[in-house]
Amino acid sequence: MSDTILKFQNVTFRYDGDEGKILPPAVEDLSLEIKKGEFVAFLGHNGSGKSTVAKLSNGLVVPESGDVYVLGMNTKNEDDDIKIKQTVGVVFQNPDNQIVATIVEEDVAFGPENLGIEPSEIRRRVDEALKVVGMYKYRMHEPHKLSGGQKQRVAIAGIIAMEPQCIVLDEPTAMLDPEGRRDVMKAMKRLNCELGITVVFITHYMEEACQADRIIVMDDSHLVLDGTPREVFSDVDRIRGLGLDVPQTCALAKMLKDDGIDIHGDSLGVDELVNSLAEILNRG
Amino acid sequence: MLKDITIGQYFPLGSVIHKLDPRAKLFYTFTFIIMVFVSSNFISLALCIACAVLIIALSKVPVKTVIKGLRPILLIIVITSFLQIAYVKTGVTLIDFWKIHITSGGILQALFMTLRISLLIVMSTMLTYTTSPTSMTNGLDRTFAPLVKIGIDFNIVTMIMTIALRFIPTLIEEVDKILSAQKSRGANFESGNIFKRAKMLIPLFVPLLFSAVRRAYELAYAMTCRCYNGGKGKTTMNALKYKKCDYLVTLLTFAFIAGVVVLNIYCGEYNAEFTFNSAV
């Protein structure tokens, strides 16, 4: 119990349709548990319900049926609202729509200020958060003059400054160029490794998902696969059937295997694949 | 290109005036505006002018820029002067030709009004020239914070101001994008009469409005995630602190009020004839 940070129990949720129309559920009968310190990726094509999971995870929306627990606190209980939002922070896709203030460091201070923390402590947290995401030297800049990746890292710093135990990122890299994507990925890994923060991120990019400890795949409002990247990507046909890509290495291994070449089924990393190919070639 | 516009025309020059606490600046600006109207003769107005000149000199803002700030109200100055000259009939008659009847009183009154209006504009633009939007909102926030006791929560107003300032560049960028998108679909924003052009703005503003509303929703979620609850129990990282020079400026502001009042009493009501005769 104590090492579970986030728990979904038979959660169903649907958005309100126009003029009382009933929409199909965005998430249906979802049950999962996320443990402290995990680095989890959510995969799924558009409309599979993964963004809704982000909003459910800290009570921005509450389930129609079933319950979401954050450290044992039910998100339906409004008395725990502030505590829940302090424990689980959510970062969204568009950094432009998350930055509140006109100066980077004041934006990062926004969360702690709302919590009523002492000014000297806010200063310490803001500096630390900006250093973790590598944006310290931009602290006096205006957000609109930064690149997309930089803005997204400022948005992440804004959440870190509240010292949450878990961060949920809803496609934080979707609007970024490759360089911005790399920087954000690096920042997320640092949070997980150095600060021990549980990181849950939603993504479209298989290469990013591969770097997680655990991958959860959603399709049509349901959870369909849950396991390590190795397990999840071992079944290439299944993943493709869900309208998703597999990492290029897995795709190549699969093609070779289909041609009758005996290669390990789970060649996830480039090095790994190179090694197994070299082995086969040496064998002649 | 559109990205580089400055909001509120702030000149980051780092002068003594720039470094003052925004509350001190707000206080002297509002005092000044009131005192300009309280001044009832040319001598107390001269004191106001002296103060304005001192502030401009200390702020290092180029005089040219300050004068340029008067351009938008040139028409107002001309109309007011004209009305004063046309209707004030006191003092010595200077020109009496056909229906034109200009008196010294009219001229002096016109001059008096021109000075008043110009001082008003100069001092309020000096406030925005020397105070960054952020520090201005901070200053307003702290100045009006006590109003919570009578049920007016100024925190929400400053939050709205901050968000507006934050989103102006974002929305300008968006306008740029929509403009290009519509142009690439064959829209023509540059030709036709004024009605046609106004109509062309519909495909610009409708998408802009939609996107602004969508942004507002997302921003609301993001602010909720950061425990925003309308500013209750909020602290500030960069708390404003009244320094020695701020106290000094506030003291000088009071001295200025006293000065104008004393000059008003001693030099009497503004008297066109007297002033004109002594001037000659």
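The values are calculated or read from the model by the stated rules, or taken from the named source; none is laboratory data. Everything numeric in this text was worked out from a predicted model, so none of it was measured. Don't worry about glycine lacking a Cβ; one is built from the backbone with ideal geometry, like all the others, and counts go over all protein chains shown. Accessible surface is based on the protein model in full, side chains and every heavy atom, while ligands, DNA and RNA are left aside. Shrake-Rupley method; radii C 1.70, N 1.55, O 1.52, S 1.80 Å.
Some observations on this one:
- Selected residue [in the same structural domain as A:V184 (by TED's automatic domain parsing) and free of Cβ contacts under 8 Å to residues at least 24 places away in the same chain] from A:D127, A:D107, A:D67, A:D96: A:D127
- Scanning the stretch A:71-86 for residues that are more than 8 Å from chain B (Cβ to nearest Cβ) and either touching an Asp or Glu at 6+ places or on another chain (Cβ under 9 Å) or charged (D, E, K, R) (or both) returns A:M73, A:N74, A:T75, A:K76, A:E78, A:D79, A:D80, A:D81, A:K83.
- Summed over the stretch A:88-105, the residues that are more than 7 Å from every other protein chain (Cβ to nearest Cβ) and not β-branched (V, I, T) give a count of 3.
- Every residue from the stretch A:147-164 that is out of contact with any Gly (no Cβ under 8 Å at 6 or more places or on another chain) and within 10 Å of chain B (Cβ to nearest Cβ): A:A155
- Among the residues here, A:V68 qualifies as open to solvent by less than 10 Å² (accessible area, probe 1.4 Å), touching a helix residue (DSSP H, G or I) at 6+ places or on another chain (Cβ under 8 Å) and more than 8 Å from every other protein chain (Cβ to nearest Cβ).
- So A:V184, is it part of a helix (DSSP H, G or I), closer than 30 Å to A:I159 by Cα and of a type in the set (V, I, T): yes
- Considered as a group, the residues in the stretch A:116-126 that are at the interface with chain B (Cβ under 7 Å from one of its Cβ atoms) and in contact with a helix residue (DSSP H, G or I) (Cβ under 7 Å, 6 or more places away or on another chain) include one that is nearest to A:L146 (Cα to Cα), and that residue is A:V126.
- The one condition from (1) within 27 Å of B:G259 (Cα to Cα); (2) surrounded by fewer than 18 Cβ atoms within 10 Å (Cβ to Cβ); (3) of a type in the set (S, T, Y) that B:Y28 does not meet is (2).
- Here B:S104 fits the description: touching a residue at least 60 places away in the same chain (Cβ under 8 Å), within 22 Å of B:I77 (Cβ to Cβ) and either buried (at least 19 other Cβ atoms within 10 Å of the Cβ) or not polar (S, T, N, Q) (or both).
- Restricting the stretch A:1-25 to residues that are at pLDDT 90 or above and aliphatic (A, V, I, L, M), the residue that is farthest from A:Y69 (Cα to Cα): A:V11
- Checking each residue in the stretch A:147-177 for being within 21 Å of B:E173 (Cβ to Cβ), aliphatic (A, V, I, L, M) and open to solvent by less than 10 Å² (accessible area, probe 1.4 Å) picks out A:V154, A:A155.
- The residues of the stretch A:196-241 that are open to solvent by 30 Å² or more (accessible area, probe 1.4 Å), at positive phi and not charged (D, E, K, R) amount to a single one, A:G196.
- Residue match in the stretch B:72-82 (condition: modelled with pLDDT under 85 and assigned by TED's automatic domain parsing to the domain that holds B:S135): yes
- A Cβ distance below 8 Å, combined with a sequence gap of six or more or placement on separate chains, defines the contacts here; from the stretch B:57-73, residues that are basic (K, R) reach residues that are modelled with pLDDT under 85 and assigned to a loop (DSSP other than H, G, I, E, B) in the pairs B:K60/B:L13.
- Residues of the stretch A:234-263 that turn out to be without any contact (Cβ under 8 Å) to a residue 12 or more places away in the chain, assigned to a loop (DSSP other than H, G, I, E, B) and closer than 26 Å to A:S48 by Cβ, as a count: 1
- Top-ranked residue in the stretch B:221-267 [being small (G, A, S) and touching a residue at least 60 places away in the same chain (Cβ under 8 Å); ranked as farthest from the other protein chains (Cβ to nearest Cβ)]: B:G259
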